[in-house]
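Notes follow once the structure below has been shown.
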Amino acid sequence: MVFAGCWFAAQCLFSLAGGFLIPYFIMLIVEGMPLLYLELAVGQRMRQGSIGAWKIISPYLCGVGVASVVVSFFLSMYYNVINAWAFWYLFHSFQNPLPWATCPLNSNRTGYEEECEKTSSTQYFWYRQTLNISPSLETSGAVQWEQALCLMLAWLVVYLCILRGTESTGKVVYVTASLPYCVLIIYLIRGLTLHGAVNGLIYMFTPKLEQLSNPKTWISAATQIFFSLGLGFGSLIAFASYNEPSNNCERHAIIVSLINSATSIFASIVTFSIYGFKATFNYESCINRVILLLLNAFDLEEGSLTADNLNEMKDYLMATHPQEYAQLLPQLKNCSLEAELDTAVQGTGLAFIVYSEAIKNMEVSQLYSVLYFVMLLMLGIGSMLGNTAAILTPLTDSKFIASRFPKEVISGVVCFVNCIIGLIFTMEAGNYWFDIFNDYAATLSLLLIVLVETIAVCYIYGLRRFEKDLHTMIGRKLNWYWKVMWAFASPLLIISLFIFYLTDYILTGTLQYQAWDATQGQLVTKDYPGYALAVIGLLVASSTMCIPLGALVTFIRKRLKRERVSTVA
């Protein structure tokens with residue numbers, strides 16, 4: 001989760017630029033680092049996966065581990081689709097020219113496809129040739145067999161990586177963790193030498209302090225910390241359960257948090273340098289089109305119009321040729337570098353539209369395309385290893401399951417079930433379902449899970465008791481910083497975010513999504529249908545309700561057990 005989360009940090013920074021850095025680092029100090037240490041320590045101390053670990057702390061907390069497994073299961077269902085898309089783009093990266101470099105010809109071969117002309121070649125390749133997206137969620141469409149095959153390939157790769165358990169997973173992680181750094185360094189060198197890269201970096205580090213008053217900024221920062229560090233998913237507890245009892249998990253928590261954040265900033269610098277190149281390229285192309293249009297319309301001498309005197313010449317032409325200029329005005333675009341930089345695209349849009357658009361304008365574009373999508377695959381596979389470990393560890397910890405089936409069979413069943421369900425995301429409306437899972441399957445659930453975790457350790461298991469356990473494990477006393485964060489700061493912050501999150505959705509009203517309109521060549525906003533809202537409710541409830549239901553089931557079992565004992569007596 002750590003290294004894939006670093007890539008998503010670069011995406012998240014796009015929406016808020018410099019203003020995002022302040023809440024991001026506050027969340028890291030108050031929430032990320034303390035909770036990472038907490039989960040590592042719990043896993044190492046209890047020697048169990050997420051379900052078993054919380055059950056040891058208190059039988060009434062068995063639902064916390066189940067909730068983590070459910071969230072990881074949801075994440076695995078849709079997350080591997082990103083790897084399928086990465087495979088699809090990687091296979092097409094060996095073509096010359098790149099298939100998203102230009103618009104395809106229409107069926108009569110008399111011009112370009114109408115949909116592509118209304119948008120861009122990169123957006124057309126993504127929405128039409130990759131997703132073959134439907135106009136709305138209601139139009140489900142058929143499964144796209146090319147994407148389905150890529151998804152099967154992605155799950156086969158994941159299965160082969162986890163086949164031998166933590167031993168094989170550990171070896172694969174060395175590759176999935178180190179290779180992206182090599183590619184990022186190559187991209188950094190190339191990105192900083194691109195024309196306009198400075199514009200992107202200035203945009204990144206320019207603070208937008210007005211965003212600090214927006215609760216969504218803090219929710220975005222918290223969500224980013226959760227996903228990048230893997231908090232609440234159960235994967236950290238699962239991996240830590242294999243550590244040596246004397247392993248210094250405190251040091252590891254600090255190192256991993258700092259490396260994760262440093263890599264996030266590093267990846268963001270790479271991303272914004274390339275984004276600056278893309279924005280500058282689009283801005284200068286817009287200027288050149290306007291200049292060419294004015295030169296031809298008013299029969300001006302070549303070289304008389306430049307980017308520097310364009311606005312002055314516009315005013316002059318409007319004053320001297322008002323009628324001709326008025327007729328031409330609808331075709332004159334208002335070119336702005338700021339507007340190009342403000343056109344932020346997040347999530348899959350950043351990974352598959354913005355980057356592919358920048359890559360197509362680079363020299364030796366095939367090479368940079370292959371490097372980028374190989375890196376994306378490494379990050380995605382690395383994340384999937386953490387997700388599947390969070391699911392598999394509790395299953396293999398179960399004596400009932402482990403005694404009847406070998407690890408290879410359990411791993412195979414988990415991958416197969418996820419792959420079959422994941423075919424939903426390869427349908428024509430699959431990207432809309434992907435957005436639903438990405439937006440609602442984890443965020444609220446993770447907030448509740450980590451809140452219960454901190455309360456459980458500090459107030460149910462007991463902070464002093466846990467402090468003694470840590471002293472026994474690592475041989476040093478617990479620092480005041482960890483105590484304050486665990487007992488007060490982190491829970492209060494999570495409760496505040498929880499309230500902000502619920503308030504935001506109440507004030508928003510009807511939930512909406514972005515649908516692709518082929519006739520306009522752009523995204524349009526639509527309301528979610530009733531059944532989609534029901535699915536969203538089920539996604540949130542199926543994980544969050546595990547916690548109270550687990551406590552209720554435990555209470556009923558204990559009550560029935562007492563009644564049997566009293567009856568026998």
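Report, ordered by the first and then the second residue, all pairs with beta carbons closer than 7 Å, sequence separation of six or more or different chains, a first member in the stretch 416-434 that is surrounded by fewer than 17 Cβ atoms within 10 Å (Cβ to Cβ), and a second member that is at pLDDT below 95 and not hydroxyl-bearing (Ser, Thr, Tyr).
Qualifying pairs under 7 Å: Ile421/Met77; Leu423/Val143.
Is it the case that Ser213 is surrounded by fewer than 23 Cβ atoms within 10 Å (Cβ to Cβ) and modelled with pLDDT of 90 or more? I'd like the intermediate steps shown before the answer.
On the way: surrounded by fewer than 23 Cβ atoms within 10 Å (Cβ to Cβ): yes; modelled with pLDDT of 90 or more: no.
When the stated conditions are applied, Ser213 does not pass them.
Tell me, please, whether a residue that is within 23 Å of Tyr79 (Cα to Cα), assigned to a helix (DSSP H, G or I) and modelled with pLDDT of 80 or more can be found in the stretch 162-175.
yes
Considering Tyr531, Tyr505, which residue is in a helix (DSSP H, G or I), over 28 Å from Ile225 (Cβ atoms), at pLDDT below 95 and not β-branched (Val, Ile, Thr)?
Values: Tyr505 fails: over 28 Å from Ile225 (Cβ atoms).
The unique qualifying residue is Tyr531.
Quick one: would you say Leu300 is modelled with pLDDT under 85, open to solvent by less than 30 Å² (accessible area, probe 1.4 Å) and over 20 Å from the mean Cα position of the chain (by Cα)?
On the way: modelled with pLDDT under 85: yes; open to solvent by less than 30 Å² (accessible area, probe 1.4 Å): no; over 20 Å from the mean Cα position of the chain (by Cα): yes.
Criteria not met by Leu300.
List the helices (runs of 4 or more DSSP H) inside the stretch 39-150, counting only whole elements, that have at least 1 residues being aromatic (Phe, Trp, Tyr) and closer than 30 Å to Ile449 by Cβ. It would help to see each step written out before you state the result.
Working: elements: 50-57, 62-92, 114-118, 121-124.
In the stretch 39-150, 50-57, 62-92 are the helices (runs of 4 or more DSSP H) which contain 1 or more residues that are aromatic (Phe, Trp, Tyr) and closer than 30 Å to Ile449 by Cβ.
Do we have Thr119 as more than 24 Å from the chain's Cα centre (by Cα), surrounded by fewer than 17 Cβ atoms within 10 Å (Cβ to Cβ) and of a type in the set (Val, Ile, Thr) here? Quick ask: steps written out before the conclusion?
On the way: more than 24 Å from the chain's Cα centre (by Cα): yes; surrounded by fewer than 17 Cβ atoms within 10 Å (Cβ to Cβ): no; of a type in the set (Val, Ile, Thr): yes.
Criteria not met by Thr119.
Do you know which residues across the stretch 471-501 are in contact with a helix residue (DSSP H, G or I) (Cβ under 8 Å, 6 or more places away or on another chain), open to solvent by 60 Å² or more (accessible area, probe 1.4 Å) and either acidic (Asp, Glu) or assigned to a helix (DSSP H, G or I) (or both)?
Correct list: Lys483, Ile495, Phe500.
Within the stretch 353-407, considering only helices (runs of 4 or more DSSP H) that don't extend past its boundaries, which have at least 3 residues that are more than 20 Å from Leu184 (Cβ to Cβ) and without any contact (Cβ under 8 Å) to a residue 12 or more places away in the chain? Please lay out each step first, then the result.
Values: elements: 355-360, 365-397, 399-402.
Result: 399-402.
Just a yes or no: is a residue in the stretch 353-361 within 18 Å of Thr130 (Cβ to Cβ), at pLDDT below 80 and open to solvent by 40 Å² or more (accessible area, probe 1.4 Å)?
No: zero hits.
Within the stretch 390-406, which residues are surrounded by fewer than 22 Cβ atoms within 10 Å (Cβ to Cβ) and either closer than 14 Å to Val158 by Cα or in contact with a Lys or Arg (Cβ under 7 Å, 6 or more places away or on another chain) (or both)? Spell out the reasoning first.
Taking the stretch 390-406 as the starting set, the residues that turn out to be surrounded by fewer than 22 Cβ atoms within 10 Å (Cβ to Cβ) are 395-406.
Listed by number, the list holds a single entry, Thr396.
Here are Ala326, Ala319, Ala262, Ala307: which of them is open to solvent by 40 Å² or more (accessible area, probe 1.4 Å), among the small types (Gly, Ala, Ser) and outside any helix (DSSP H, G or I)?
Numbers: Ala326 fails: outside any helix (DSSP H, G or I); Ala319 fails: outside any helix (DSSP H, G or I); Ala262 fails: outside any helix (DSSP H, G or I).
Only one candidate qualifies: Ala307.
Scan the stretch 540-562 and tell me whether some residue there is surrounded by 14 or more Cβ atoms within 10 Å (Cβ to Cβ), out of contact with any Asp or Glu (no Cβ under 8 Å at 6 or more places or on another chain), at pLDDT 90 or above and part of a strand (DSSP E or B).
Taking every residue of the stretch 540-562 in turn, none turns out to be surrounded by 14 or more Cβ atoms within 10 Å (Cβ to Cβ), out of contact with any Asp or Glu (no Cβ under 8 Å at 6 or more places or on another chain), at pLDDT 90 or above and part of a strand (DSSP E or B).
Can you give me the ranges of the helices (runs of 4 or more DSSP H) entirely in the stretch 181-248 with at least 2 residues that are more than 19 Å from Ile29 (Cα to Cα) and not polar (S, T, N, Q)? Break it down into steps so the answer makes sense when it comes.
Details: elements: 197-205, 215-229, 235-240.
Filter on the stretch 181-248 gives 197-205, 235-240.
Please specify each residue of the stretch 505-523 satisfying the condition of being loosely packed, with under 13 Cβ neighbours inside 10 Å and either over 25 Å from the mean Cα position of the chain (by Cα) or among the aliphatic types (A, V, I, L, M) (or both).
Ile506, Leu507, Thr519, Gln520
Would it be correct to say that Ala456 is in contact (Cβ under 8 Å) with a residue 12 or more places away in the chain and outside any strand (DSSP E or B)? Lay out the reasoning, then the answer.
Details: in contact (Cβ under 8 Å) with a residue 12 or more places away in the chain: yes; outside any strand (DSSP E or B): yes.
Criteria met by Ala456.
Which of the residues belonging to the stretch 219-253 are open to solvent by 50 Å² or more (accessible area, probe 1.4 Å), under 26 Å from Leu75 (Cα atoms) and out of contact with any Ser or Thr (no Cβ under 8 Å at 6 or more places or on another chain)? Let's see the steps before the verdict.
Within the stretch 219-253, the subset open to solvent by 50 Å² or more (accessible area, probe 1.4 Å) is 239, 242, 244-246, 251-252.
Within this subset, residues satisfying the condition of being under 26 Å from Leu75 (Cα atoms) are 239, 242, 252.
Within the stretch 219-253, His252 is the sole residue that qualifies.
Closer than 24 Å to Met545 by Cα and open to solvent by 60 Å² or more (accessible area, probe 1.4 Å), is that true of Asn387?
Values: closer than 24 Å to Met545 by Cα: yes; open to solvent by 60 Å² or more (accessible area, probe 1.4 Å): no.
It is false that Asn387 is closer than 24 Å to Met545 by Cα and open to solvent by 60 Å² or more (accessible area, probe 1.4 Å).
The values are calculated or read from the model by the stated rules, or taken from the named source; none is laboratory data. Every value quoted in this text rests on a predicted model; they were computed, and no experiment measured them. When we count neighbours, we look across all protein chains shown, and the Cβ atoms used for this are built from the backbone with ideal geometry, even at glycine. Please note that ligands, DNA and RNA were not included when accessible areas were found on the heavy atoms of the full protein model with its side chains. Shrake-Rupley method; radii C 1.70, N 1.55, O 1.52, S 1.80 Å.
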